[in-house]
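K.L.:
First, the structure itself, so that you have it in front of you.
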Number of protein chains: 2
Amino acid sequence: MKEIEQRLTENGVRPTAMRILIYKYMAESEVAIALTDIENAFAKADRTTLFRTLKTFEQKGVVHQIDDGTGVQKYALCETGCNCELEQDLHLHFHCNNCNETVCLTEHKIPNINLPEGYVAEDANLVLKGICEKCSAQ
Amino acid sequence: MKEIEQRLTENGVRPTAMRILIYKYMAESEVAIALTDIENAFAKADRTTLFRTLKTFEQKGVVHQIDDGTGVQKYALCETGCNCELEQDLHLHFHCNNCNETVCLTEHKIPNINLPEGYVAEDANLVLKGICEKCSAQ
DNA sequence: AATTGTAGTGCAACGGAAGTGCATTTATTG
DNA sequence: CAATAAATGCACTTCCGTTGCACTACAATT
């Protein structure tokens, strides 16, 4: 609990009760989280609060946003020392077509691409889709 | 005109007037197209028709869908002989943060990724974001 | 401790985009 | 030409992201 407070404070986010809960929820989950997921988990919380909390988290580098192609924005905690802005820190994500969950494959970085003349890349997003570990084991 | 009709027929799509127009519009564009784009281009066309036309095109392999991270589905014509289902045919896309356009970089394939044990990839999506050729030239 | 200001939260509502059901029109085929 | 199937158009729904505004909790300052 204390660690969460500290983590948030370090990143310039005031550790309110709600925020700690959200952080905890995300930390306990192994998969990327959509706003709706949190909403369902905390029935009493308002969507706006969750929305803005996630935005704040994102801005302050607590979480990173994931676009897994489902059309729903998802989020996952950044690892300690994660520097999402830096291109070499971009890991890829895996979306399971079966269980519909998305996981960070943090150890897998996006390979470098040689773009044509004139193109300048600032960001990259690589999502692999298929069957995840859990589902293929069944 | 005749070529379009032929192309559609070849792919098992009945070449109606509307469909030919949509195909033509997409062929003349160098960037990926959103449903709204077509809607604006053909004011009199109904959104449902466009929506279903694109779905049909996609199913029949006339176009492929692109998720560029903007939250809006986009589409681009497949090249002749393009086999979007096959993984080795997956090219990457570039989204310009300035002009907001997305282009296919058909000559750039998505590099092969060694996934962890248990993961089976069926599909991949790689989007680079930054400044495109046109915008960086200005 | 009271006051004042700022940050956080909640409610309501909006807007864009995807998607569906059903009626109508257009094309195809026997 | 009739019968059938495909394509189109209209109305409506849903889902999600987002914003405006009011209210509350918290922190700082005197």
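K.L.:
Which loop-located GluC sites (Glu not before Pro) does the range B:36-138 contain, where loop means any DSSP state but H, G, I, E or B and the Cβ has at most 16 other Cβ atoms within 10 Å?
P.N.:
Counting only loop positions with at most 16 other Cβ atoms within 10 Å, the GluC sites (Glu not before Pro) in the range B:36-138 are B:79, B:85, B:117.
K.L.:
What is the distance in Å between the Cα centres of the range B:31-51 and the range A:22-69?
P.N.:
If we compute the Cα centre of each part, the gap is 33 Å.
K.L.:
In a Gaussian network model over chain B where Cα atoms closer than 10 Å are linked, find which of B:128, B:35, B:90 has the largest mean-square fluctuation.
P.N.:
Answer for the Gaussian network model of chain B: B:128.
K.L.:
Let me ask another. Taking the solvent-accessible surface of protein heavy atoms with a 1.4 Å probe, what is the per residue accessible area of the range A:1-126 in Å²?
P.N.:
For the range A:1-126, the solvent-accessible area averages 56 Å² per residue.
K.L.:
Considering only protein heavy atoms and a probe of 1.4 Å, how much of the accessible area of the range A:1-86 is carbon and sulfur, as a whole percent?
P.N.:
That share works out to 48 percent.
K.L.:
Taking the Cβ of residue B:25 as the centre, find all other residues whose Cβ is under 13 Å away and add up their charges (Lys, Arg: +1; Asp, Glu: -1).
P.N.:
Result for the local shell: -2.
K.L.:
Using a label position 7 Å from Cα in the Cα→Cβ direction, what is the ascending list of nm distances from residue B:70 to the same site in the other copies?
P.N.:
2.4
K.L.:
Ignoring everything except DSSP H segments at least 4 long, calculate the 222 nm mean residue ellipticity for chain B; use -39,500 (n - 2.57) per segment, divide by total residues, nearest 500.
P.N.:
Mean residue ellipticity at 222 nm (helix-derived): -9000 deg cm²/dmol.
K.L.:
Do any of A:74/B:24; B:24/B:44; A:134/B:60 go past 25 Å between their Cα atoms, and which?
P.N.:
As for pairs spanning more than 25 Å Cα to Cα, those are A:74/B:24; A:134/B:60.
K.L.:
Just the C-alpha atoms of chain A: what Rg/Rh do they give, with Rh taken as the Kirkwood radius?
P.N.:
Answer for chain A: 0.99.
K.L.:
Taking each label point as 7 Å beyond Cα in the direction of the beta carbon, state the distances from residue B:49 to the same residue in the other copies, shortest first, in nm.
P.N.:
Distances to the matching label points in the other copies: 4.9 nm.
K.L.:
Report, to the nearest 10°, how far helix B:17-28 tilts away from the longest principal axis of the Cα atoms in chain B, using its own Cα long axis and a range of 0 to 90°.
P.N.:
40
K.L.:
Just in the range A:24-57: which trypsin sites (Lys or Arg not before Pro) are loop by DSSP and have at most 10 other Cβ atoms within 10 Å?
P.N.:
Qualifying residues, ordered by number: A:44.
The values are calculated or read from the model by the stated rules, or taken from the named source; none is laboratory data. This is a predicted model, so every value here is computed, not measured. Note that we place each Cβ from the backbone using ideal geometry, even for glycine, and neighbour counts take in every protein chain shown. These accessible areas exclude ligands, DNA and RNA; they are computed on the full protein's heavy atoms, side chains included. Shrake-Rupley method; radii C 1.70, N 1.55, O 1.52, S 1.80 Å.
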